[in-house]
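Each remark here refers to the structure printed beneath this line.
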Amino acid sequence: TIEILSYFAEQNREQPILSHIERIKKKYRKIKDFLDSCTIKEKSAHHNEHIKATQNDVSNIKRSLNNHTHSRKKNYMKKWRIEKIIRTHLGVVNAICFSQNNKWFACGLTDRTIKIFRFPKIAHELTATGHIEQITDIQISKEQFDLYSSSLDKTVKCWDLNHLRVKKNFFGHLSGVSCLTLDTYFNFLVSGGKDNTCRIWDIKTATEIACLTGHSSLISSVIVNPTEPFLITSSYDATIKFWDIRENKIYKSYNFNNTKIKKILRQKNNNALIVMSSSKIFEFFFRNSILMANKKSDKLIKSIKMKNRMFTCIDKSNQTRTVITGDEKGNIYIFDNHDLKLQKKIKKNLLIKNNSLLQIQFDQTGQRFISSHLNKMLIEWKSDLIF
């Protein structure tokens, strides 16, 4: 165990831990020499005492190693800088999505086009046209052959990236489509629209499987549970609803007191949701589609509220355990994903007008993110240090 811990300490370049391991090795050499000189009865008596000492020393090394690595990650996340600014758009970017191999990303714009950029050396590659209204959301399949886009023209389109043409059309919404998500395990697509409905589509046949009604306002975001057959939707009517796909009914519904819910994010390692409204960020836990009741906070576990700030976008990175939000004044706030503590505030550039943030998206590594602004700009942010 000591040899394994010393290997990880050398990889992480932790000098205090290495010196501590060397002292323990010298101590064990003396113990070994002492036991060799003892008789059989004396060896059994001293052996139990030294086992307890070894367990305590190894646990101390593990604790110190975790503390050093965790503190280094926190310091790492405090430093971000602008890598590149892109001004090649005729419209504002509403949606950003990265590919699984992290070599390119796609943007949906208000000028009814989809633009594909090379990454990390950002360069414009392709432009796709086909929608007649502005694009609201974009999703890329895991195989990276298909791209799905939603628009205010009441349609969802599937694009063939090899030939850059429309492969399938999903018709059925009575108003503009505001959000969408993919589920490759069950092989269906879910979209939410301004007609207050959430529709489930079959990806292969482009036919509607079910229409979920229950919200009284625009559906802002949709999350598919990968392990159980239920959906999570949020809406501007200040509610979050859990849907049972098998019966197409509402399983649970929760009200947030007249606060428009703009987006919800799913935590990767536990059953928790991060909810963003215009003025607050909530976090609460659920188990088997049932929120854990907390009498002191009324189901609410954690919350963040900024004075005189209106949040416009949010995203999180599971690799670096970071949550990033932006407001209408152009400021960026970086939080720790574990306890939602503010780590860094990036103030807006006073020389840039109309710097309001509209979208933030991490790449697959979590070391870079791209922000879109109201002045038709894309800004690539990069961390100063690299793992």
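If you add up the charges near F119, with Lys and Arg at +1 and Asp and Glu at -1, over every other residue whose beta carbon is less than 14 angstrom from its beta carbon, what do you get?
Details: positive: K84, K103, K115, R118, K121, R368, K382; negative: E83, E125, D363, E380.
So the environment of F119 carries a net charge of +3.
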Any chance you could check the Cα centroid distance between the range 112-145 and the range 229-283 for me, in angstrom? 27
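For R321, R246, R165, write out the residues from largest to smallest accessible area, computed with a 1.4 angstrom probe and no ligands counted.
Numbers: R321 100, R246 180, R165 120 Å².
Listed by decreasing accessible area, they come as R246, R165, R321.
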If you rank D384, D363 by how much accessible surface each has, with a 1.4 Å probe, what is the order from largest down? D384, D363
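Report the GluC sites (Glu not before Pro) located in the range 115-172 that are in a DSSP loop and have at most 14 other Cβ atoms inside 10 Å of their Cβ, or state none. Spell out each step's value before the answer.
Numbers: sites: E125, E133, E143; in loops: E133, E143.
Answer by residue number: E133, E143.
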Output row, site N169, 7 Å Cα→C-beta label point, backbone N cut-off 19 Å, window the range 204-232, residues 204-209
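Before anything else, pin down the relative contact order of the range 186-264: Cα pairs under 8 Å, at least 6 apart, normalised by residue count, whole percent. Intermediate values should be presented prior to the final figure.
Details: 178 pairs, mean separation 17.2, N = 79.
After rounding, I find 22 percent.
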Extended-chain gain in nm, criterion 0.36 nm per residue less alpha-carbon gap, A123 and K84: 13.0 nm
List the trypsin sites (Lys or Arg not before Pro) within the range 86-136 that fall in a DSSP loop (any state other than H, G, I, E or B) and whose Cβ has at most 15 other Cβ atoms within 10 Å. R87, K103, K121
Not counting ligands, DNA or RNA, and with a 1.4 Å probe, what is Y236's accessible surface area in Å² rounded to the nearest 10? 80
Run the simple label-point estimate for I209 and E328 please: 7 Å along Cα→C-beta, distance reported in nm. 3.8
K347 to T365: extension gain in nm, 0.36 nm per residue of separation minus the Cα-Cα distance? 4.1 nm
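The values are calculated or read from the model by the stated rules, or taken from the named source; none is laboratory data. Just so you know, these numbers come straight off a predicted model, no measurement behind them. Neighbour counts are summed over all protein chains in view; Cβ atoms, including those assigned to glycine, are modelled from backbone coordinates with ideal geometry. With ligands, DNA and RNA removed, areas are computed over all heavy atoms of the protein, side chains included. Shrake-Rupley method; radii C 1.70, N 1.55, O 1.52, S 1.80 Å.
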